[in-house]
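Enquirer: The structure that follows is given in the form of structure tokens.
No lab work stands behind these numbers, since they all come straight from the coordinates. Source: prediction; values computed, not measured. All Cβ positions, glycine included, derive from the backbone under ideal geometry; neighbour counts span all protein chains shown.
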Amino acid sequence: MKKIIVFSAILLSIATFANAQVNSNNASGSAQQTVQLQLSNALEITFTGNGSANGATVAIPFTTANDYQNGVESTAQQLRIRSNKNFNIAVKTNASTFTVTNNGTTTASSMPASVLEVKVAANGTGGSIANGFSSYKDLSNTAANLITNGTYGGNQTFSVQYKAQPGFAYPAGTYAIDVVYTATQQ
């Protein structure tokens, strides 16, 4: 009888230990944490040719009398907007007149910015081309809307093309002016 009691006690201990093991495997707990994304307004405008806000120089050569008479067009220049809000694009020149370089010396010239015209050659922004910029329109140092209500996104592109019509009033030289594109979120 003593052996049965000892054997029963051993079996009861094994069952209790096994049950304790099963219960500890079923134990659970949880933890919770809030994650906040602190987003700021993001806006970037770059030239796709070099991935920079400063585009490569656009050279427009005048070699014949017909060039001076009719003007010369540039190749298309593509820009990319990355924005998390809808946006507008404005364009202007950085000065009212071109500079001119002759024999290594750069000076102001009397050639007005309006000699240079721009048009939107392609529009992948989801926005509208502003009045007059579907064809060539004179530039000035006063900002003008180029594209309005562009749609937010990470690869909104548009292309511009330049045309210069200086006529015969200016002597030979390298004339230059900066064209500034400004993206503004709505």
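Enquirer: Given the structure, is residue 73 within 17 Å of residue 133 (Cα to Cα) and out of contact with any Leu (no Cβ under 8 Å at 6 or more places or on another chain)?
Expert: The answer is yes for residue 73.
Enquirer: Hey, another quick one. Looking at segment 145-170 only, could you name the residues that are touching a residue at least 60 places away in the same chain (Cβ under 8 Å), within 25 Å of residue 66 (Cα to Cα) and in a loop (DSSP other than H, G, I, E, B)?
Expert: Scanning segment 145-170 gives 165, 166, 167, 168, 170.
Enquirer: Just a yes or no: is a residue in segment 77-93 among the hydrophobic types (A, V, I, L, M, F, W, C), under 22 Å from residue 137 (Cβ atoms) and surrounded by fewer than 17 Cβ atoms within 10 Å (Cβ to Cβ)? Talk me through it step by step, then tell me what you get.
Expert: The initial filter retains those residues of segment 77-93 that are among the hydrophobic types (A, V, I, L, M, F, W, C), namely 79, 81, 87, 89-91.
After this cut, where a residue has to be under 22 Å from residue 137 (Cβ atoms) as well, the list is 79, 81, 87, 89-91.
Pick out the ones that are also surrounded by fewer than 17 Cβ atoms within 10 Å (Cβ to Cβ) and you get none.
There is no residue in segment 77-93 that is among the hydrophobic types (A, V, I, L, M, F, W, C), under 22 Å from residue 137 (Cβ atoms) and surrounded by fewer than 17 Cβ atoms within 10 Å (Cβ to Cβ).
Enquirer: So, one more: Is it true that residue 105 is surrounded by fewer than 18 Cβ atoms within 10 Å (Cβ to Cβ), among the β-branched types (Val, Ile, Thr) and at negative phi?
Expert: yes
Enquirer: Just to be sure, is residue 91 under 26 Å from residue 171 (Cβ atoms) and touching a Phe, Trp or Tyr at 6+ places or on another chain (Cβ under 9 Å)?
Expert: no
Enquirer: Test residue 142 against the criterion of being in a loop (DSSP other than H, G, I, E, B) and of a type in the set (Ser, Thr, Tyr), and give yes or no. I'd like the intermediate steps shown before the answer.
Expert: Values: in a loop (DSSP other than H, G, I, E, B): yes; of a type in the set (Ser, Thr, Tyr): yes.
Taking the combined requirement at face value, the residue satisfies it.
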